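Engineer: One structure, pasted below without further comment.
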Amino acid sequence: MKKVALITGITGQDGSYLAEHLLKQGYTVVGMIRRTSTVNFERIKHIQDEIELVSGDLLDEVSLINILQTYRPAEVYNLAAQSFVQTSWSQPVFTGEVTGLGVTRMLDAIRSVDPAIRFYQASSSEMFGKVQEVPQRESTPFYPRSPYGVAKVYGHWITVNYRESYNMFATSGILFNHESPRRGREFVTRKITDAVARIKLGLAQELRLGNLEAQRDWGFAGDYVRAMHLMLQQSEPDDYVVATGETHSVRRFCEIAFGHVGLSYEDYVVQDERFMRPAEVDLLIGDPAKAISTLGWQPEVSFEQLVTMMVEADIALLKDEHRL
Ligand code: NAP
Ligand code: F7E
């Protein structure tokens with residue numbers, strides 16, 4: 001019998017990579033999708049025939065219970081969230097409902113249908129916010145700086161609480177920023193690589209950004225989904241930081257991305273107040289020692305490889321779209 005895995009957020013960046021990875025491991029993959037008026041299967045259309053898609057929403061616990069009862073998964077990966085930090089200031093209640101309380105709805109649905117299901121929660125380095133320690137590890141206290149970060153802290157602790165209250169296999173992966181050619185264009189890395197490609201192809205003249213000095217520990221999403229799967233194969237549930245252990249500024253990302261196509265970022269990047277945040281996370285750098293030693297996980301794509309991979313992919317995409 002093939003193991004069944006349920007992925008919430010399968011239409012997102014991580015969901016698509018995780019689905020590919022689990023298919024390769026021989027799983028039956030069930031993906032939960034929200035009802036939308038237009039189809040948004042861009043990231044999963046290449047594997048659509050190999051996965052099962054089912055309608056449900058983290059806002060609706062009945063839909064979660066029905067899905068669990070119908071598909072009886074052995075593992076649930078909860079990747080669904082309102083995941084854009086900037087939007088969490090304009091929609092703080094909605095972000096709390098989906099990104100925070102949505103975790104409780106899923107955990108409680110699991111508890112009532114089959115508490116033996118193994119559960120992965122997509123926690124985030126945004127929980128460290130105004131960092132209390134450098135680098136950040138599993139024991140570093142949280143100090144979130146956005147409604148998104150606050151909601152993720154709730155999601156993290158409710159995962160720990162269900163583990164301790166009901167003896168459930170509930171694991172929290174504290175993942176630092178991870179990017180790819182499938183990253184949403186609102187996030188800074190993809191915004192930069194998309195703009196570099198447009199400028200290089202003569203389709204745009206400038207790139208407007210906010211804080212260029214913010215520093216992030218950026219890895220490759222394809223590497224990070226391997227860690228999610230490994231976490232649910234351990235004998236005990238636990239929490240793990242997944243990161244590269246390197247940090248770079250937004251400015252440095254620009255420098256490499258523009259430099260890759262022979263341009264200087266200083267000629268094109270314009271600072272724009274609209275992209276500044278009410279409260280910023282200035283510096284993130286993770287210590288992945290526990291994931292490396294316990295899970296045997298290692299990132300394979302370097303920062304430079306990540307940036308150039310994303311620039312190349314955006315150039316290819318735009319050339320195709322514009323028949324250049
Ligand atoms: P993403 O691309 O924004 O994908 C989010 C997914 O959640 C989408 O499939 C979205 O569906 C779905 N979703 C949103 N609200 C939902 C709801 N109410 N019910 C059901 N599905 C809903 O995010 P990602 O980058 O893949 O990240 C995956 C998870 O990891 C998120 O929880 C994120 O907060 C967390 N995380 C991400 C990073 C990172 O650097 N990428 C780091 C740490 C943690 P639609 O397609 O319909 O919008
Ligand atoms: O911002 C700065 C911005 O939106 C990174 C999500 O996946 O990772 C992501 O959250 C930095 C911030 O990602 C612009 O101020 C400058 O300091 O790409 P971002 P994020 O906020 O780090 C974490 C781990 C998650 O969990 C989240 O789900 O870049 N920045 N100028 C800008 N950011 C954006 N978006 N746009 C700009 O123009």
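Engineer: Restricting to the range 175-219, count the residues that are part of a loop (DSSP other than H, G, I, E, B) and either of a type in the set (D, E, K, R) or within 15 Å of ligand 1 (Cβ to nearest atom) (or both).
Structural biologist: Counting residues in the range 175-219 that are part of a loop (DSSP other than H, G, I, E, B) and either of a type in the set (D, E, K, R) or within 15 Å of ligand 1 (Cβ to nearest atom) (or both) gives 15.
Engineer: Tell me, which residue of the range 1-41 that is in contact with a Phe, Trp or Tyr (Cβ under 7 Å, 6 or more places away or on another chain) and in a loop (DSSP other than H, G, I, E, B) is least open to solvent (accessible area, probe 1.4 Å)?
Structural biologist: T11
Engineer: Right, something else. Mind listing just one residue for me: the one in the range 62-80 that is within 20 Å of E20 (Cα to Cα) and among the aliphatic types (A, V, I, L, M) and, of those, surrounded by the fewest Cβ atoms within 10 Å (Cβ to Cβ)?
Structural biologist: Ranking the candidates gives A74 first.
Engineer: Moving on to the next point. Kindly list the number of the only condition in (1) under 20 Å from Y77 (Cα atoms); (2) open to solvent by less than 30 Å² (accessible area, probe 1.4 Å); (3) within 8 Å of ligand 2 (Cβ to nearest atom) that fails for N177.
Structural biologist: Result: N177 fails condition (2) only.
Engineer: What are the residues in the range 113-132 that are in contact with an Asp or Glu (Cβ under 9 Å, 6 or more places away or on another chain) and open to solvent by 50 Å² or more (accessible area, probe 1.4 Å), if any?
Structural biologist: Within the range 113-132, R118, K130 meet the criteria.
Engineer: Every residue in the range 73-94 that is among the aliphatic types (A, V, I, L, M) and in contact (Cβ under 8 Å) with a residue 40 or more places away in the chain, please.
Structural biologist: If the condition is that a residue be among the aliphatic types (A, V, I, L, M) and in contact (Cβ under 8 Å) with a residue 40 or more places away in the chain, then A74, V76, L79, A80, A81, V85 are the ones that fit.
Engineer: Determine the pairs where a residue that is in the same structural domain as L230 (by TED's automatic domain parsing) and among the charged types (D, E, K, R), located within the range 9-22, has a partner that is part of a helix (DSSP H, G or I) and surrounded by fewer than 24 Cβ atoms within 10 Å (Cβ to Cβ) with Cβ atoms under 8 Å apart, the partner being 6 or more residues away or on another chain.
Structural biologist: The qualifying pairs are D14/A221; E20/I47.
Engineer: Another one. If you take the residues in the range 42-64 that are in contact with a helix residue (DSSP H, G or I) (Cβ under 8 Å, 6 or more places away or on another chain) and part of a strand (DSSP E or B), which one is farthest from ligand 1 (Cβ to nearest atom)?
Structural biologist: Ranking the candidates gives E52 first.
Engineer: Here are the criteria: (1) of a type in the set (G, A, S); (2) open to solvent by 10 Å² or more (accessible area, probe 1.4 Å); (3) within 16 Å of ligand 2 (Cβ to nearest atom). Tell me which single one S55 does not satisfy.
Structural biologist: Unmet for S55, out of (1) of a type in the set (G, A, S); (2) open to solvent by 10 Å² or more (accessible area, probe 1.4 Å); (3) within 16 Å of ligand 2 (Cβ to nearest atom): (3).
Engineer: Give the residues of the range 145-174 that are of a type in the set (S, T, N, Q), assigned to a helix (DSSP H, G or I) and open to solvent by 20 Å² or more (accessible area, probe 1.4 Å), sorted by residue number.
Structural biologist: Listed by number, the residues that qualify are N161, S165.
Engineer: To continue, here is another question. Going by the conditions given, is G245 open to solvent by 30 Å² or more (accessible area, probe 1.4 Å), part of a helix (DSSP H, G or I) and not hydroxyl-bearing (S, T, Y)?
Structural biologist: Considered against the rule, which asks whether it is open to solvent by 30 Å² or more (accessible area, probe 1.4 Å), part of a helix (DSSP H, G or I) and not hydroxyl-bearing (S, T, Y), G245 comes out as no.
Engineer: Condition test on E97, is it touching a helix residue (DSSP H, G or I) at 6+ places or on another chain (Cβ under 8 Å), under 30 Å from L283 (Cα atoms) and near ligand 1 (Cβ under 10 Å from one of its atoms)?
Structural biologist: no
Engineer: Of all residues in the range 39-54, which are under 19 Å from R182 (Cα atoms) and not basic (K, R)?
Structural biologist: V39, N40, F41, E42, I44, H46, I47, Q48, I51
Engineer: Right, something else. Which number in (1) closer than 27 Å to P135 by Cα; (2) outside the structural domain of I10 (by TED's automatic domain parsing); (3) aromatic (F, W, Y) marks the one condition that Y224 misses?
Structural biologist: Only one criterion in (1) closer than 27 Å to P135 by Cα; (2) outside the structural domain of I10 (by TED's automatic domain parsing); (3) aromatic (F, W, Y) is unmet by Y224, namely (2).
The values are calculated or read from the model by the stated rules, or taken from the named source; none is laboratory data. Keep in mind it's a predicted model, so treat the numbers as computed, not measured. Neighbour counts run over all protein chains shown; Cβ positions are idealised from the backbone, glycine included. All accessible areas refer to the heavy atoms of the entire protein, side chains included, with ligands and DNA or RNA removed. Shrake-Rupley method; radii C 1.70, N 1.55, O 1.52, S 1.80 Å.
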